[in-house]
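Enquirer: Have a look at this one.
The values are calculated or read from the model by the stated rules, or taken from the named source; none is laboratory data. Remember, it's a predicted structure, so these values are computed and weren't measured experimentally. Positions of Cβ are generated from backbone atoms using ideal geometry, with glycine treated the same way; all protein chains shown enter the neighbour counts. Ligands, DNA and RNA are excluded from the accessible area calculation, which covers all protein heavy atoms including side chains. Shrake-Rupley method; radii C 1.70, N 1.55, O 1.52, S 1.80 Å.
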Amino acid sequence: EAQVTQNPRYLITVTGKKLTVTCSQNMNHEYMSWYRQDPGLGLRQIYYSMNVEVTDKGDVPEGYKVSRKEKRNFPLILESPSPNQTSLYFCASAPDRRYSPLHFGNGTRLTVT
Amino acid sequence: GNSVTQMEGPVTLSEEAFLTINCTYTATGYPSLFWYVQYPGEGLQLLLKATKADDKGSNKGFEATYRKETTSFHLEKGSVQVSDSAVYFCALSRTGGSYIPTFGRGTSLIVHP
């Protein structure tokens, strides 16, 4: 089944403790992206990647890191999480074609205390 | 730059009522337009799309027509059901290069029996 898989679904952590949220897609998509969703603010893009070893900042990259060493994986790293990073995070992927829709994972709800 | 503006929610309707969710966009060139739906506890999924002016996208009883003259892509459904309760996102694709989408803030729809 074609899908984008994020792990974990839920994560509670403390300020400053490094964490990684994994994202994997099995559709051979070039484009991958991370978003955070907050009430009243909609979806905001954190980072995106057009292909292996190519990553770019989105609208709200501060406090986050990503890597794209393999085409299928695009982990999101929070080196020193803070409470303002408490949010719902989504990974998404798409083929690099203009009319292609995004495929989303089911989300990771992160709470930083 | 590109932007998408959606009507504020929540939109609250009774079952079998007519639904309209307004979406207008600003973009250079000829973007593709999308509606995504997010059911509770899930990621976003594509609902419908239109790739050029006057195209009508349709799916699950929902329709939207790409209106270039009014830069709009309003979502409509003739008779909503309780199961349509979700958050709806309008989006466009970036033009003139690789695919990078822009999302509206989302509109919550609540349908009562």
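Enquirer: Please find, within segment A:21-53, the residue that is most open to solvent (accessible area, probe 1.4 Å) out of those that are closer than 13 Å to A:ALA92 by Cα and outside any strand (DSSP E or B).
Expert: If we take residues in segment A:21-53 being closer than 13 Å to A:ALA92 by Cα and outside any strand (DSSP E or B), then A:ASN28 is most open to solvent (accessible area, probe 1.4 Å).
Enquirer: Among what's in segment A:83-99 and is touching a Ser or Thr at 6+ places or on another chain (Cβ under 6 Å) and open to solvent by 30 Å² or more (accessible area, probe 1.4 Å), pick the residue that is farthest from B:LYS49 (Cα to Cα).
Expert: That would be A:THR86.
Enquirer: Next up: Pairs, please: C-beta under 6 Å, at least 6 apart or cross-chain, first residue more than 14 Å from chain B (Cβ to nearest Cβ) and in segment A:1-15, second assigned to a loop (DSSP other than H, G, I, E, B) and loosely packed, with under 11 Cβ neighbours inside 10 Å?
Expert: Partner pairs satisfying both residue conditions: A:VAL14/A:THR113.
Enquirer: Moving to a separate point now. Take the conditions under 22 Å from B:PHE89 (Cβ atoms), modelled with pLDDT under 95 and in contact with a strand residue (DSSP E or B) (Cβ under 8 Å, 6 or more places away or on another chain) and apply them to A:TYR48. Does it pass?
Expert: yes
Enquirer: Please determine, by comparing only the residues of segment A:54-99 that are under 18 Å from A:ASN28 (Cα atoms) and part of a strand (DSSP E or B), which one is nearest to the other protein chains (Cβ to nearest Cβ).
Expert: Of everything passing the filter in segment A:54-99, A:ALA94 is nearest to the other protein chains (Cβ to nearest Cβ).
Enquirer: Tally up the residues in segment A:100-109 that are open to solvent by 30 Å² or more (accessible area, probe 1.4 Å) and in a loop (DSSP other than H, G, I, E, B), please.
Expert: 1
Enquirer: Let me ask you something else. Please indicate, with yes or no, whether at least one residue in segment B:48-62 is basic (Lys, Arg), crowded, with 17+ Cβ neighbours inside 10 Å, under 19 Å from A:SER100 (Cα atoms) and in contact with a Phe, Trp or Tyr (Cβ under 9 Å, 6 or more places away or on another chain).
Expert: yes
Enquirer: Restricting to segment B:63-80, what's the tally of residues that are of a type in the set (S, T, N, Q) and either free of Cβ contacts under 8 Å to residues at least 40 places away in the same chain or surrounded by fewer than 14 Cβ atoms within 10 Å (Cβ to Cβ) (or both)?
Expert: Number satisfying all stated conditions: 3.
Enquirer: If you don't mind, another one. Out of A:TYR10, A:TYR64, report the one residue that is in contact with a Leu (Cβ under 7 Å, 6 or more places away or on another chain) and either closer than 30 Å to B:GLN6 by Cβ or modelled with pLDDT of 95 or more (or both).
Expert: A:TYR64
Enquirer: Which numbered condition in (1) closer than 25 Å to B:TYR39 by Cβ; (2) over 13 Å from the mean Cα position of the chain (by Cα) is the only one that A:TYR89 fails?
Expert: (2)
Enquirer: Now for a different question. Just name the residue that is least open to solvent (accessible area, probe 1.4 Å) out of those in segment B:81-113 that are small (Gly, Ala, Ser) and part of a loop (DSSP other than H, G, I, E, B).
Expert: B:GLY104
Enquirer: Looking only at segment A:46-64, which residues are under 21 Å from A:PRO83 (Cβ atoms) and either of a type in the set (Val, Ile, Thr) or under 10 Å from the mean Cα position of the chain (by Cα) (or both)?
Expert: Residues satisfying the conditions are A:ILE46, A:TYR47, A:VAL60, A:TYR64.
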